[in-house]
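Report on one structure; see the data block that follows.
Just so it is clear, none of the values below were taken in a lab; they were calculated from the coordinates. Model, not experiment: these values are computed from the prediction. Don't worry about glycine lacking a Cβ; one is built from the backbone with ideal geometry, like all the others, and counts go over all protein chains shown.
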Amino acid sequence: MGNPVRMGVLFAIGSFCFMLGAFAPYYEHLDVTVVAVTFFVGSIFFTSAATLQERASRAPGVAMWSRDPARLGWWSASTQWIGTFAFNLSTFWAIVQGLDASQERRLVWSPDAIGSVLFLVSGVAGVAAVYVVHAARRDRGMANLNLLGSVFFGISAVGAYVIPDTGELYNLRWANSGTFLGGVCFFAASIWLARPPAATLSPEPGPDPDPGTASSGPPAAGAPAPRS
């Protein structure tokens, strides 16, 4: 399963960076470049955690298209891992000042949208994996938070669409609130992942979870730096 504490800590730091970057008192009083760098740093922590999780979720000998929970967990971690690189690109180009509307849509928003779709797929696969094996309430709770966070970041990506004629965002409130609420969900799931399971959090009646099925950690998700 890898080291859940390390994964949880890395995800938590990345989530906190996204929460901070989308927090109004922060982005309204700091230079836009500082805010953009905050998102980029957060995306690097997400990628680091996602790399550990993808390695931990590999299930040798299980067919690629199998419905085996271990393979579902791998698909969840792998799509998340690929998506983190899309968010690395999105947050990196958000640092660059002076981009026109076409460049922002292509370099910042497009990878953001691609990453959001991948994280939604990851979230659905993660929920399916833990419910198929009748996993503990703790694992189901983390998976549900991850999926909810992915939905919020999807809303953020829609709001961050750059309107070609004006260069403005489609909905600034959606972009900022979606990023912040998604970060809250991922942060909570990260702390849950890093915390050792309590004895009271026992599995629901049913088959024991497959030891090869790792709990799905928080999917990384990102969005362009908020615009004031």
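Tabulated values for the structure
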| item | result |
| --- | --- |
| H134 paired with T166, simple spin-label distance in nm, labels 7 Å along Cα-to-beta-carbon | 5.4 |
| Label point distance in nm, R195-R55, each placed 7 Å from Cα along Cα→Cβ | 2.7 |
| Angstrom value of the Kirkwood radius, inverse mean 1/r, which spans all Cα pairs in region 70-140 | 13.3 |
| More than 20 Å apart - percent of Cα-Cα pairs taken over region 110-169 | 38 |
| Extension gain (nm, one decimal) between V96 and V158, 0.36 nm per residue minus Cα-Cα | 20.2 nm |
| Charge dipole (debye, nearest 20) of region 40-172; +1 at Cβ of Lys and Arg, -1 at Cβ of Asp and Glu | 680 |
| Computed Kirkwood radius, in angstrom, where 1/r is averaged over Cα pairs of region 20-146 | 16.0 |
| Hz values of 3J(HN,Hα) by residue in region 114-119 - Karplus curve (6.51, -1.76, 1.60), Gly and Pro given as x | 4, x, 4, 5, 4, 6 |
| Overall Cα dimensions of region 76-205 - principal axes, largest extent first, Å | 57, 25, 19 |
